Amino acid sequence: MGNLDSKIPKGPLADKWTNHKNDINLVNPANKRNIDVIMVGTGLAGGSAAATLAELGYNVKTFCYQDSPRRAHSIAAQGGINAAKNYQGDGDSNYRLFYDTIKGGDYRSREANVYRLAEVSANIIDQCVAQGVPFAREYGGLLDNRSFGGVLVSRTFYAKGQTGQQLLLGCYSAMNRQINRGKITSYTRHEMLDLVIVGGKARGIIARNLVTGEIERHSAHAVVIASGGYGNVFFLSTNAMGSNVTAAWKVHKKGAYFANPCFTQIHPTCIPVSGDHQSKLTLMSESLRNDGRIWVPKKLEDAKAIREGRLKPTELKEEDRDYYLERRYPAFGNLVPRDVASRAAKERCDAGFGVNKTGEAVYLDFSAAFLRYGKETANTQHLENPTEQQIIELGKAVVEAKYGNLFQMYEKIVDQNPYETPMMIYPAVHYTMGGIWVDYNLQTTIPGCFATGEANFSDHGANRLGASALMQGLADGYFVLPYTIGNYLASDIRTGKIPTDSPEFDQAEKAVREKLERFINNKGTRSVDHFHKRLGKIMWDKVGMSRNAPHLQEAVAEIKALREEFWQDVKVPGGLNEMNPELEKAARVADFLELGELFAKDALHRNESCGGHFREEYQTEEGEALRDDENFMYVAAWEFTGEPGDAILHKEDLIYENIEVKARSYK
Amino acid sequence: MNLTLKIWRQKDAAAKGKIQTYQLGGVDPDMSFLEMLDVLNEDLVNKGEDPVVFDHDCREGICGTCSLQINGEPHGPDRGITTCQLHMRKFKDGDTIVIEPFRAKAFPVLKDLVVDRSAFERIQQAGGYISVNTSGTTQDANAIPIPKEDADAAFFSASCIGCGACVAACKNASAMLFTSAKVSQMALLPQGRVEASTRVLAMVEQMDKEGFGNCTNTGACEIECPKGISLENIARMNREYMKASVG
Ligand SMILES: Cc1cc2nc3c(=O)[nH]c(=O)nc-3n(C[C@H](O)[C@H](O)[C@H](O)COP(=O)(O)OP(=O)(O)OC[C@H]3O[C@@H](n4cnc5c(N)ncnc54)[C@H](O)[C@@H]3O)c2cc1C
Ligand code: SF4
Ligand code: FES
């Protein structure tokens, strides 16, 4: 039985959000001036929310661990942002975006939230353009679009391969306007280390100034967690090095439920691992799959020859190549969703067809695109009888204009020219669909504590389609949270400033200080990274792209044991009252070591295959994921009770009234 | 590869710093420069010494956090890249590498290789934005058609990552390339024209207040900029500034 109240408004799907907004209590502008909001995180989700809340008149304090809000991990997003604008006239609509997203998420997201997302998506583009975000344009001056995995329309807006950067700069400029007005105080190089609850409500945070080491108290009438995703629990991922779960985990330990921790997106087009020294993995935007074709050799001996360097991929004849996505999924081909593409790559590599030294890579080949675009350009330039070489050069220029920075990034890392030889790619941990459980108002199970962006669980289900995380972050930040938080704050207009000298603040600060001192005083022998890498290996081997019950059971036990060893044996040099990145890492890894166990536990309990969660026991004869709607059509929301392994499961039943729940097929 | 590393060590902003020498073996040419420093730090931690503190985050050349002066050049010997995109294959076995923080009066050292670049933030806060309400009640995006050339030019200016290499490369520690990139992005777009004069005046004023030097058209900034931000931006900013001062 579901027993969590998601507070979904009544009424027809398409009217829910409008009706809800009409019902919401408003705070009068004079009163907003007396209300403080803390925003933990200044990526797209936190930055947009901070700017809008400040615009509305609230006093906002923002926190981020980088030296500038503009460096948040959102900056790295490459491919684009979706919106149901139907500028291309190819049949897009709010309903279709809603439908694609629910289906893409393998029917594990909330209808009402996703519909709202689709509904406000078009406003995001208007907003960003007004703020000066330089999206790609056509020669006629109108906005250009491209398409992403899992959909058949062209609804993705982009700025070369730097969409996240441009959106974040837009959002940061909106923040800057409010900083200049004095409505936002930006605390950079600050890390939130605990949530303070007073009288059952979130009333502040404990943060550490990462330059001086000082531990600070900050109070507010509401606290918003916009701290991003936790993919770094795997050590190797496409996330920035500092991305972490700490803020989300701390609120979980204070009472916020943590939902679907095992739903992790593995992205199919990343640069493969090259060696033990590797600190992170680099994504090659999924938009490349619009033009690149994915293949491995058909014959095992060819794959072997390529691995050993005896055969070049360009020498392999067309009929000896296996374009396995086009073969298996003719309708979507190379544009199947990420979970499907990732598993298919793993399947081919596990079967021995991998093409790099480690056998864990497939090709992403642009030669057909060079020809196609080259011919088009030759035609528009009225070239007579161009040679094949000329055509290829023209085509390369078109591809360069579209993806130049990605090709350059690839070449820098791999030291091979992707214009001359196909790129090698392999799946890597990318995005976490799980996160803090929130209701329709984006409020967690702690009153006054909200969560937005990748830090919450709400809109993506078990698999996120491309270009939808940016959309969610900005939709929540610009257009949803500013309304819904007002409803909560309307009852706080007489509260006055929240003092920070209360016993609750004393207690929270003391706990944070003791934990940090414990690291500094520990007489261990191993570095923080040593433990993080070992955790990552357990996670990847046993809780990674495909999982089974025995491995998951082992993982739960191993992570627990590793956590104990960590607390005994970790060594953190330096002091508390100084800039100390090792100490920062130690505190983050300590939280990953707890989350990891809950993650495995969640994966173990979910006896079905679903989106990013593939359980080997549950698959069709053709190796496709086999969902169990009868028993698992719910959100798994975990309540912390003292140890991650003892967390209690609460269920939010997912009810589909507007969409027919079907097996997901991309054939 | 075996390397000799000469690294600037400085306990905090108030302390005096000095170059310290480290020997490092087992460096793989496929490692990035920052991964090489990770290996050094792992060694130092294991030996009970304080690791070298440096700034970094995305490690894919987009956040602008990593900021090292390597053998006298911001982001090292390669062109068009950030430090995290620099790979050890650009060095040879037996090389000596000097690693220092970005040097500029407006970028005080906080610790070891980390500098405080918040002066850049204050320049943007002085006016680097378009004053538009964020509540989504704006007009339809396609109601503001923008010639592709202008949109592309604005995008190129907007691709500055705020790393500060231009300042570190400049003998006057000038912030003109950075500031002009920010001014240009908005000056090139119709949405940004309305406030163009007040914006450029406010940003330049703040830039001067922060203690950056003047531009003497040496062009070192453009050469070292990882994103290829061109000097044209400076020319454009100067034009904008003249226009605003006169008008
Ligand atoms: C390489 C890459 C490419 C991507 N490409 C796309 C794409 O093309 N389209 C798309 O839709 N999505 C894409 N994504 C996903 C998308 O970028 C992210 O999901 C999204 O940007 C997350 O935004 P956010 O605001 O929730 O979090 P983030 O941008 O991660 O921001 C987190 C913020 O929280 C702060 N923070 C964290 N912990 C603390 C703490 N304890 N105390 C204080 N501050 C803290 C950080 O400093 C930061 O400001 C991509 C992701 C990656 C990794
Ligand atoms: S102009 Fe270039 S060098 Fe200067 S901050 Fe921007 S990206 Fe860095
Ligand atoms: S770490 Fe982000 S640019 Fe180098």
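The values are calculated or read from the model by the stated rules, or taken from the named source; none is laboratory data. What you see is a predicted model, and the numbers here were worked out from it, not measured in a lab. Here the Cβ is made from the backbone with ideal geometry for all residues, glycine too, and neighbour counts use every protein chain on show. Accessible surface areas use protein heavy atoms only, side chains included; no ligands, DNA or RNA. Shrake-Rupley method; radii C 1.70, N 1.55, O 1.52, S 1.80 Å.
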Mean per-residue count of partner chain Cβ within 10 Å for A:275-281 equals 6
Low-density loop positions, trypsin sites (Lys or Arg not before Pro), the range A:261-341 - DSSP coil, at most 11 other Cβ in 10 Å:
A:ARG310, A:LYS317
Please report, as a whole percent, how much of the solvent-accessible surface of the range A:503-639 comes from carbon and sulfur atoms (probe radius 1.4 Å).
47 percent
Interchain or sequence-distant (5+) residues whose placed amide H lies within less than 5 Å of the amide H of A:ILE436 are A:ALA259, A:ASN456, A:PHE457
Starting with the highest mean, order A:429-435, A:254-260, A:412-418 by the number of other Cβ atoms within 10 Å, averaged over the residues of each peptide.
A:429-435, A:254-260, A:412-418
Unit charges at the beta carbon, dipole of chain A: most positive-side option, A:ALA561, A:THR163, A:GLY461
A:THR163
Going 7 Å from the Cα of A:GLU216 toward and past its Cβ, which residues in the range B:95-133 have a backbone nitrogen under 17 Å from where you end up?
B:116-119, B:121-122
Calculate one ³J(HN,Hα) per residue across the range B:63-69 by plugging θ = phi - 60° into the Karplus curve 6.51 cos²θ - 1.76 cosθ + 1.60, and present them in order as whole Hz with x for glycine and proline.
7, x, 6, 5, 8, 10, 9
Report the one residue of B:ALA14, A:SER68, B:THR134 whose Cα lies farthest in the direction of the positive end of the charge dipole of the protein assembly as shown (charges on C-beta: Lys and Arg +1, Asp and Glu -1; origin at the Cα centre).
B:ALA14
In whole angstrom, how far apart do the alpha carbon centroids of the range B:6-27 and the range A:1-76 sit?
44 Å
How would the protein assembly as shown be classified by its alpha-carbon gyration tensor: rounded, prolate or oblate, with rounded meaning a/c under 1.5 and the a/b versus b/c comparison settling the rest?
rounded
Using the Kirkwood radius over Cα pairs, work out the Stokes-Einstein diffusion coefficient for the range B:3-111 at 4 °C and 1.567 mPa s, in µm²/s as a whole number.
90 µm²/s
Once the Cβ-Cβ distance between A:TYR95 and A:ASP569 is put in as r, and R0 is 51 Å, what FRET efficiency do you end up with, to the nearest 0.05?
0.40
How would you classify the range A:1-130 from its alpha-carbon gyration tensor, with a ≥ b ≥ c the square roots of the eigenvalues: rounded for a/c under 1.5, else prolate if a/b is greater than b/c, otherwise oblate?
oblate
FRET efficiency for A:LYS651 and A:GLU554, using Cβ-Cβ distance with R0 set to 35 Å, rounded to 0.05:
0.85
Given a 1.4 Å probe and every protein chain left where it sits, what share in percent of the accessible area of the range B:3-111 is carbon and sulfur?
49 percent
Taking the Cα atoms only, what angle lies between the long axis of helix B:232-246 and the longest principal axis of chain B, rounded to 10 degrees?
40 degrees
Acute angle (nearest 10 degrees) that the helix A:111-130 long axis makes with the longest principal axis of chain A, alpha-carbon atoms:
80 degrees
Which shape class applies to the range A:597-667: rounded if a/c is under 1.5, otherwise prolate when a/b exceeds b/c and oblate if not, where a ≥ b ≥ c are the square roots of the Cα gyration tensor eigenvalues?
oblate
³J(HN,Hα) computed for each position of the range B:174-188 - Karplus, 6.51 cos²θ - 1.76 cosθ + 1.60, integer Hz, glycine/proline x:
8, 9, 5, 5, 4, 4, 5, 5, 5, 5, 4, 3, 7, 5, 7
Between A:HIS277 and A:LYS304, how many nm apart are label points set 7 Å from Cα along the C-beta direction?
3.2 nm
Note to self: with every protein chain in place and a 1.4 Å probe, the range A:503-639 gives an accessible area per residue in Å² of 40 Å²
Between exposed GluC sites (Glu not before Pro) in chain A, where DSSP calls loop and at most 14 other Cβ atoms lie within 10 Å, what's the longest gap?
A:421-615
Specify the angular offset, from 0 to 90 degrees and rounded to the nearest 10, of the alpha carbon long axis of helix A:549-569 from the longest principal axis of the alpha carbons in chain A.
50 degrees
Between A:ASP350 and A:ASN379, with labels modelled 7 Å along Cα→Cβ, what's the label distance in nm to one decimal, could you check?
4.3 nm
Quick one: which residues, 5 or more positions from A:ARG108 or on another chain, have an amide H under 5 Å from its amide H? H modelled 1.01 Å from N in the peptide plane, none for Pro or chain starts.
A:ALA462
Counting sequence-distant residues (5 or more places) and residues on other chains, those with an amide H built under 5 Å from that of A:SER237 are A:LEU281
At 0.36 nm per residue, and after removing the present C-alpha to C-alpha distance, how many nm does the segment from A:GLU630 to A:GLU326 gain when stretched out fully?
106.3 nm
Rounded to whole Å and ordered largest first, report the semi-axes of the equivalent ellipsoid of the range A:503-639 derived from its Cα gyration tensor (root of 5λ).
36, 18, 11
Under the Karplus relation 6.51 cos²θ - 1.76 cosθ + 1.60, θ = phi - 60°, what is the ordered set of whole-Hz ³J(HN,Hα) values for the range A:386-401, x standing for Gly and Pro?
x, 6, 4, 4, 4, 4, 4, 4, 4, x, 4, 5, 5, 5, 4, 4
At R0 = 35 Å the Cβ-Cβ FRET efficiency linking A:GLU617 and A:LEU562, nearest 0.05, sits at 0.85
Within chain A, percent of DSSP bridges classed antiparallel, to nearest 5:
70 percent
Per the helix-only model, chain A has a calculated mean residue ellipticity at 222 nm (DSSP H runs of ≥4, -39500 (n - 2.57) each, divided over all residues, rounded to the nearest 500) of -12000 deg cm²/dmol
